[in-house]
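Take a look at the structure set out below.
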Amino acid sequence: MSHQILVFYGSYRSDRMGIRLAEFVVERLRRRGEAVELIDAKAVNLPMLDRMYKEYPPGEAPEQLAQLAGKIRDADGFVFVTGEYNWGIQPGLKNLTDHFLEEWFWRPAAIASYSAGRLSGARASTAWHGTLSEMGMVVVSSTIAVGGIGHALTADGAPIGEAGKALEAAFPRFADDLMWWVEAASMQRQRKKPPY
């Protein structure tokens, strides 16, 4: 049985490198038979947060916000692909996620981080863990961290070099962990209504 997984990516830069990792994750999850969609914050192009989706009167939210809320509610799990900006979270990805709250509840999330340098976005990954937990997601313990992103993946997301080999070796455990929780959460939502 296929599960609906949304992969979120948040860089607005002109020469984005992390999109390579997002495309790799999408392609590898599809190989496993999952229904995967890439949600690119730059393509969605939400305004800076003024009102959350839930703060609009019914039927008055901007169309792209309403569509994305529906996709998030219908998803079984999420992957957040994040770069590290000055030891912190990408503003584009954070802005996108903050437009929603209850839509995220009771679903697992996984984090894949990257950077041009050797720390692989680890500090952003750590910051995202607490943020996603606060937003009602169960964050799986397995992560992917890619340093030297430009030397690990080609422009179309194919692994290259030693860093690419390490990414390929790490991905199965990352995906197994996420999908175990996706299946568990899906069964629990069918069995019992969430408490709130």
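Every number in this text was worked out from the coordinates using simple rules, so none of it is lab data. What you see is a predicted model; the values in this text were computed from it and never measured. Every residue, glycine as well, gets a Cβ built from its backbone with ideal geometry; the counts of neighbours run over all protein chains shown.
Report the residue, chosen from M137, M179, M48, that carries the largest GNM mean-square fluctuation when the chain is represented by alpha-carbon nodes joined by springs under 10 Å. Maximum fluctuation in the GNM of the chain, among the listed residues, is at M48.
As a quick test, which of the pairs K71/K94; K71/K192; K42/K71; K71/K165 have an alpha carbon distance above 24 angstrom in this structure? It would help to have the intermediate numbers written out before the result.
Details: K71/K94 17 Å; K71/K192 22 Å; K42/K71 17 Å; K71/K165 33 Å.
Long pairs (Cα-Cα over 24 Å): K71/K165.
For the chain, what is the relative contact order in percent, using Cα pairs closer than 8 Å and at least 6 residues apart in sequence? Contact order relative to length: 22 percent. Pull out a ≥ b ≥ c, the square roots of the eigenvalues of the alpha-carbon gyration tensor of the stretch 84-183, then state rounded if a/c is under 1.5, prolate if not and a/b is larger than b/c, and oblate in the remaining case. Taking the square roots of the gyration eigenvalues as a ≥ b ≥ c, the stretch 84-183 is oblate. Which FRET efficiency value, to the nearest 0.05, do you get for A184 and N86 by plugging their Cβ-Cβ distance into 1/(1 + (r/R0)^6) with R0 = 25 Å? Working from the Cβ atoms, E equals 0.10.
Stretching the chain fully between Y12 and W106 yields a gain of 31.0 nm (0.36 nm per residue, less the alpha carbon separation). Mean separation of Cα pairs under 8 Å and 6 or more residues apart, divided by the residue count, gives the stretch 1-46 a relative contact order of 55 percent. This ranking places F100, F174 by how few other beta-carbon atoms lie within 10 Å of each, fewest first, which gives F100, F174.
Ordered by the count of other Cβ atoms within 10 Å of each Cβ, fewest first, M1, M17 give M1, M17. Helical runs (DSSP H, four residues minimum) scored at -39500 (n - 2.57) apiece and divided by the length of the chain put the mean residue ellipticity at 222 nm at -13500 deg cm²/dmol.
Among I149, I160, which comes first, then next, by fewest other beta-carbon atoms within 10 Å? Intermediate results must be reported in sequence, preceding the final value.
Values: I149 23, I160 13.
Going from sparsest to densest Cβ surroundings: I160, I149.
Please return the longest range in the chain lying between exposed loop sites, taking trypsin sites (Lys or Arg not before Pro), DSSP loop only, at most 14 other beta-carbon atoms within 10 Å, and leaving the sites out. With trypsin sites (Lys or Arg not before Pro) excluded where exposed in loops, the chain gives 119-191 as its longest stretch. Placing a label point 7 Å from the Cα of K71 along the Cα-to-Cβ direction, the residues of the stretch 17-33 whose backbone N falls under 14 Å from that point are 23, 26. Note on M1 and K54: the extension gain reaches 15.9 nm, defined as 0.36 nm multiplied by sequence separation minus the Cα-Cα distance.
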